[in-house]
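Peer 1: Got a structure for you, questions after.
The values are calculated or read from the model by the stated rules, or taken from the named source; none is laboratory data. As the structure is a computational prediction, the values presented were derived from the model and not from experiment. FYI the Cβ positions are ideal-geometry reconstructions off the backbone, even for glycines, and counts take in every protein chain you see. Accessible surface areas use protein heavy atoms only, side chains included; no ligands, DNA or RNA. Shrake-Rupley method; radii C 1.70, N 1.55, O 1.52, S 1.80 Å.
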4 protein chains.
Amino acid sequence: MVDGPPRRADAQRNRARILDAAEAVFAEFGTRASTEEVARRAGVAIGTVFRHFPTKDDLLAAIMKRLLAKLVEEATERDLFAFFRHVVAQAAAKKAAVDLLAGSGVDVRIPDAVEHLRDAVGRLLAQAQDDGVITASVRLPEVMALLASLCQGALHGGWDDHLQARTLAVVFAGLKGC
Amino acid sequence: MVDGPPRRADAQRNRARILDAAEAVFAEFGTRASTEEVARRAGVAIGTVFRHFPTKDDLLAAIMKRLLAKLVEEATERDLFAFFRHVVAQAAAKKAAVDLLAGSGVDVRIPDAVEHLRDAVGRLLAQAQDDGVITASVRLPEVMALLASLCQGALHGGWDDHLQARTLAVVFAGLKGC
Amino acid sequence: MVDGPPRRADAQRNRARILDAAEAVFAEFGTRASTEEVARRAGVAIGTVFRHFPTKDDLLAAIMKRLLAKLVEEATERDLFAFFRHVVAQAAAKKAAVDLLAGSGVDVRIPDAVEHLRDAVGRLLAQAQDDGVITASVRLPEVMALLASLCQGALHGGWDDHLQARTLAVVFAGLKGC
Amino acid sequence: MVDGPPRRADAQRNRARILDAAEAVFAEFGTRASTEEVARRAGVAIGTVFRHFPTKDDLLAAIMKRLLAKLVEEATERDLFAFFRHVVAQAAAKKAAVDLLAGSGVDVRIPDAVEHLRDAVGRLLAQAQDDGVITASVRLPEVMALLASLCQGALHGGWDDHLQARTLAVVFAGLKGC
DNA sequence: TATGAATGAGAATTCATTCAT
DNA sequence: GATGAATGAATTCTCATTCAT
């Protein structure tokens, strides 16, 4: 009932509007922003938000799921380096997502979505190693760890483009293995 | 009156107990933990916490200051690689500190303490470059960015020792410049 | 959403009950009385009070507005002397209102309502001067000043009917100009 | 122990400084100002204030007593009209005193001091009636009521000199009985 | 289903008062 | 006597969640 998409057209529309609003609000103010603010931004009543997402954590989980799915999609269109650049670049705009990936007290369980992203990155890594641009000794876990770390850093560090490029350059050099 | 350390011995003791309690509580639950909980853990009344630190942010700032000062001290006893390892290793236990370094909505201004840490790391970097173990093209900003990123990653990613070692290995390879 | 009166019937009823309770509570204990006490007297939860009046000052302002509006209404049904008598007579029962008219630290901005009262009294004054029962040299500002002063005095002085009559008699004699 | 002046010279000095500070602080911020602020202004520790005045109300009562005594003194040097002018003129600067005369929730019992003031004003009234400048039908209670009312009005109404003069003129005309 | 009002458990902060130093 | 740290009840305000309309 909660997971599956609602039947009625207006309900589906509301669900989408709520997700969009939530993404925007939590991106701007972090997960501390109130659900009321999300409702306001979505143009629906607070009750509607809670009907679609019984708890705030459910709403946050839904955002994450959607965001991760988008990342998976984007991963298929780039090589590993470009993907890193892309993800890190938009990390700062996704306060909520990064907070969530980070934990930040909220209890959000979305193992599947994370798993899918891991798979996608795994494919990029394999490709890069096939191409010889990443050393063979590197494994997926540390690549994921680096990706997550850099997102956090980018988000909270307020990096400008230049700093981001230089920081990624160090990590890329490390991945290439010299 | 409020800024300097208190004169009386019992007040100093309480101040320290509050800081210790706050560090523990915020480390465990993040900055969302209540000041009341800190007071409870410190074994003092809530008013005592607010007498020492007029706002919650002041308390958080004090924790950060102390932690950064300790890091500066620790930086002098290690080379850059060992320092990275050390800091990242204990990052996971310092939820609050990392949250704060991260921003997380709380308004905590401690520019001096951060500056001192930057200086200390700068010295380690210079030394490492003198020793030829880090490539000359690397600059302090990206080193700080990497350090902060890895702390975040370690904190929120729940890395085990092995993953941490492998992740740092990639970054260290990048710093060495191959 | 917050400003206008609520749409739903039950909300309107609650709003009125809260205003009534607040008027009673603040009349009895002054503006220092707690919002919690108002909620209790109104038979609603504390959150409901704050939903209707986001800050305590908003609640106080709303009371004042309502009271001043009632005064304006009452001004139209009496001559200036009767109006003075009437207002001063009930002043003692309106601790909060008088406190507020008085300032008392609370920040309550209701210029319009005050302006309307001033207009109403201005009309009474003009009428009285037309009728020749008040000397022509008297102006509105001092009439308002006297009215406010007497309210304060009546409130805090604990006047009985007799003292009130005698005090007003002096002021009325002054207004008549002998 | 509490009422009588303390024996030791420094204690007497402290008592006076505390009273001065309290008068200034409460005049500026009203009776809501904290006792801590009074201590700060007096340059003593909070404990010293409470040693001299076991409760805040005791402190307020002491201020009132002193102020009323001064008024009594001043009453002997003027005629009734000048005294009214004088008292009303400085009312605005004596927020606390007026608040207290007013009641404002604080429990301050100083019947003697008020009685003395009443006596002094009684003498002025008798003199004025002897001189034929105030009509014989006016009695002391309404004169006191008018004085108190006008102080409140002046304090909270923010009267300028002109408005004050015009307002007093009406009351004086009433007292003269035309 | 949607609405939005009501609930009530916290959370931060203040301050009169007490008491150890 | 003076100091100033500690206490803790009280207060304002927030917000996730429930439920009547």
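Peer 1: Given Cα positions, please report Rg to Rh for segment A:57-176, the hydrodynamic radius being the Kirkwood one.
Peer 2: Over the Cα atoms of segment A:57-176, Rg/Rh equals 0.96.
Peer 1: Then there is this: Between beta-carbons, use under 15 Å as the cut-off and find the net charge around B:I18, counting Lys and Arg +1, Asp and Glu -1.
Peer 2: +3
Peer 1: To the nearest 20 Debye, how big is the dipole of segment A:57-176 about its Cα centre, given +1 on the beta carbon of each Lys and Arg and -1 on that of each Asp and Glu?
Peer 2: Computed about the Cα centre, the dipole is about 180 debye.
Peer 1: Moving to a separate point now. Sort out for me the Cα centre separation of segment A:20-41 from segment A:108-178, rounded to whole Å.
Peer 2: When both Cα centres are located, 28 Å separates them.
Peer 1: With every protein chain kept in the model, how would you rank D:M144, A:M64 by accessible area, 1.4 Å probe, largest at the top?
Peer 2: D:M144, A:M64
Peer 1: Taking all protein chains together and a probe of 1.4 Å, list C:E37, A:E77 from the most accessible to the least accessible.
Peer 2: Ranked from most to least accessible, the order is A:E77, C:E37.
Peer 1: Of the options A:H116, A:G47, A:F84, report the single residue whose Cα projects farthest towards the positive end of the charge dipole of chain A (beta-carbon charges: Lys, Arg +1; Asp, Glu -1).
Peer 2: Looking along the dipole axis, the top candidate is A:G47.
Peer 1: More than 16 angstrom separation, counting every C-alpha pair in segment A:117-178; what % is that?
Peer 2: 48
Peer 1: Another question about this same structure. Roughly how much of B:S149 is accessible, in Å² to the nearest 10, using a 1.4 Å probe?
Peer 2: 0
Peer 1: On alpha carbon coordinates alone, what is the Rg over Rh value for segment B:1-54, Rh being the Kirkwood radius?
Peer 2: A ratio of 0.97.
Peer 1: How crowded by other chains is A:78-90, given as the mean number of beta carbons from other chains within 10 Å of each beta carbon?
Peer 2: Per-residue shielding by partner chains comes out at 0.
Peer 1: Here is a follow-up. For D:E36, what charge total do you get from the other residues with a beta carbon under 13 Å from its beta carbon, if Lys and Arg give +1 and Asp and Glu give -1?
Peer 2: +4
Peer 1: At 0.36 nm per residue, and after removing the present C-alpha to C-alpha distance, how many nm does the segment from A:V133 to A:R118 gain when stretched out fully?
Peer 2: Length gained, A:V133 through A:R118: 3.4 nm.
Peer 1: Over 24 Å between C-alpha atoms is what I'm after, so list which of B:K65/B:K176; C:K176/D:K70; C:K176/D:K176; B:K70/B:K94 land there.
Peer 2: Beyond 24 Å between Cα atoms: B:K65/B:K176; C:K176/D:K70.
Peer 1: Mind giving me the FRET efficiency for D:A89 and B:E36? R0 is 41 Å, r the Cβ-Cβ distance, nearest 0.05 is fine.
Peer 2: The pair D:A89/B:E36 has a calculated efficiency of 0.25.
Peer 1: Take the alpha-carbon positions of the protein assembly as shown, form their convex hull, and give its projected area averaged over all directions (one quarter of the hull surface) in nm².
Peer 2: 42.3
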